[in-house]
Ligand code: ATP
Ligand code: AMO
């Protein structure tokens, strides 16, 4: 069906049909040009008014910008043309006419605010620098999947309609499920853990998570993409090794395969995959370093969670990706295992970009009695989680894993100011469509 020639493949001497969007129309009097854009680039079409058929010229020059046209003709070398070649048309077919009133300008000459862009994503993604974000996102996920497979893990898909929540800090979205109480899943946490006790042993999932976040911020979504990993017989340090390898693989894939996209975003000079090992800083050292920066009004004490200001102060001080390890047990969820020699300290870790948290993870509590105790200590009813806890009675190996926020990875990788820019159709408090 698609027998057109892509603009990037049109060579001098070829007879082609190129189809795409009218990017620009320039009428210089006796000569006029339209620039056609497709997914591979742009090409000039030349109209010489005195020499060409009037109908052809009229059709070519009366079409509105962003209409879809198919142009058939000869490709000529022309050094004054933007790409060094142009099409001398024999026919032009207006395939889909665009309204002359466009809600945003895909040529980028007129800036649009983010809400206007998100309301008109189809037009917004006609811009090279916006399209580039999603091509980079796709490449990062491809590289991540490849690394997971290299690590010997199997891709899984777990349910998104569930009976219980797991991440205490954020609210659940309730739904009704044939008259029964149900929720949108906040994290594949319990399901991925159940799989390490299965014959799969080491698994990953890239899928949506749903969180009724309290606040509207530039780094929270109500529907996000979680990149999850879980492995039998791993401790928290091995899980951190895997986390570091996966994040580096994402950067390396982009550096290797997305030069054009990085150029569209003007990042070609500054984009560098992280090098060397990510520093591993204990929570205790982290709060000491944060307090020493003098950036906080009140110094942190053991047991405090890190505020956004605290994360920024430490991020500026460290200046690269890093882990915060050995968090106080009381501020980590029930499924995180404590250190055997000190129950006040957990094996939980976070992986940070200098500007924000990207990952949480840890070794898990795999001992049945301790797990059930943990539920009680966090005020959760172990009976509601029986589907999960009972599997810990039938041979659940020690295990560890983590969850990485997909959009935060892309946002920090590309220095985007708002996490919504890394999602095609973001969900936030104000936005339920498109
Ligand atoms: P006018 O009525 O403006 O005199 P014309 O038919 O004389 O029109 P030209 O003088 O050939 O047009 O070109 C007008 C402008 O377009 C010039 O600045 C020229 O450099 C540029 N131009 C001509 N041909 C091409 C081409 N194939 N690609 C890009 N630019 C071109
Ligand atoms: P946590 O709740 O820290 O851990 O989530 C893991 C990572 O997911 C990303 N993230 C979000 N991104 C955008 N918008 C949100 N609302 C949002 N919420 C979370 C962050 C965060 O670091 N079950 C554990 C993981 C584990 O232990 O394996 C969990 O969900 O980048």
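Taken together, the values in this text are just the output of simple stated rules run on the coordinates, not laboratory data. All figures in this text were calculated on a predicted structure; none of them were measured in a lab. All Cβ positions, glycine included, derive from the backbone under ideal geometry; neighbour counts span all protein chains shown.
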Relative to the longest principal axis of the chain, what angle (0 to 90°, nearest 10) does the C-alpha long axis of helix 308-318 take?
80
Please build a GNM for the chain, connecting alpha carbons under 10 Å apart, and tell me which residue among 154, 347, 83 fluctuates the most.
83
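When the chain is fully extended, how far beyond the present Cα-Cα distance does residue 102 get from residue 252, taking 0.36 nm per residue of separation? Mind dumping the intermediate values first?
Numbers: separation 150, 0.36 × 150 = 54.00 nm, distance 3.79 nm.
Extra length from residue 102 to residue 252 when fully extended: 50.2 nm.
Using a Förster distance of 41 angstrom, determine the FRET efficiency expected from the C-beta separation of residue 11 and residue 151, and round it to 0.05. Walk me through the intermediate numbers first.
Values: r = 43 Å, r/R0 = 1.06.
With a Förster radius of 41 Å, E is 0.40.
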How far is helix 128-150 tilted off the main Cα axis of the chain, in degrees rounded to 10, range 0 to 90?
40
C-alpha center-to-center spacing [the stretch 198-222, the stretch 79-137] in angstrom:
33
Exposure proxy ranking, count of Cβ atoms within 10 Å, fewest first, for 6, 394, 388:
394, 6, 388
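What is the extension gain from residue 245 to residue 344, computed as 0.36 nm multiplied by their sequence separation minus the C-alpha to C-alpha distance, in nm to one decimal?
Working: separation 99, 0.36 × 99 = 35.64 nm, distance 2.92 nm.
Once the chain is fully extended between residue 245 and residue 344, it gains 32.7 nm.
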Most fluctuating residue given options 57, 144, 318, as computed from a GNM of the chain linking Cα atoms under 10 Å:
57
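Which ordering of 21, 327 is given by a fewest-first count of other beta-carbon atoms within 10 Å? Don't skip to the end; give the middle numbers.
Values: 21 21, 327 24.
Listed from fewest to most nearby Cβ atoms, that is 21, 327.
For 177, 368, what ranking results if the residue with the fewest other Cβ atoms within 10 Å of its Cβ goes first? Intermediate values should be presented prior to the final figure.
Working: 177 12, 368 15.
Placing the least packed residue first, the sequence is 177, 368.
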Sequence ranges 398-407, 45-54, ranked by mean other-Cβ count within 10 angstrom, highest first
398-407, 45-54
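Using the per-residue mean of other Cβ atoms lying within 10 Å as a proxy for protection, in what order, highest first, do the peptides 297-303, 135-141 fall? Working shown, then result.
On the way: 297-303: 10.7, 135-141: 20.1.
Output ranking for 297-303, 135-141: 135-141, 297-303.
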Once label points are set 7 Å from the Cα along Cα→Cβ at both residue 235 and residue 167, what is their separation, rounded to one decimal in nm?
2.8
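Length gain on complete extension for the stretch residue 116 to residue 418, per 0.36 nm per residue less the alpha carbon to alpha carbon distance? Walk me through the intermediate numbers first.
Details: separation 302, 0.36 × 302 = 108.72 nm, distance 1.44 nm.
The span from residue 116 to residue 418 would gain 107.3 nm if fully extended.
So for each of 94-101, 278-285 I average, over its residues, the number of other beta carbons within 10 Å; can you give me the resulting order with the highest mean first?
Working: 94-101: 11.2, 278-285: 16.9.
Per-residue mean Cβ counts within 10 Å order the peptides as 278-285, 94-101.
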Helix 236-257 sits at what angle to the longest principal axis of the chain, using alpha carbons and giving 0 to 90 degrees rounded to 10?
10
When only Cα pairs under 8 Å and 6 or more residues apart are kept, what is the percent relative contact order across the stretch 238-302?
26
What Kirkwood hydrodynamic radius, in Å, does the chain give when the mean of 1/r is taken over all pairs of distinct Cα atoms and then inverted?
24.8
Distance from the Cα centre of the stretch 28-58 to that of the stretch 384-403, in angstrom?
66
Bins of 10 Å, beginning at zero and ending with the bin holding the largest distance: percent of Cα pairs per bin for the stretch 7-96, please.
19, 59, 22, 0
So which residue, out of 417, 20, 199, gets the largest mean-square fluctuation from a GNM of the chain using Cα contacts under 10 Å as springs?
199
Could you give the nm distance between label points at residue 215 and residue 378, where each point is 7 Å from its Cα heading toward the beta carbon?
2.2
Pairs of alpha-carbon atoms within less than 8 angstrom and 6+ residues apart define the contacts here; what relative contact order does the chain have, in percent?
12
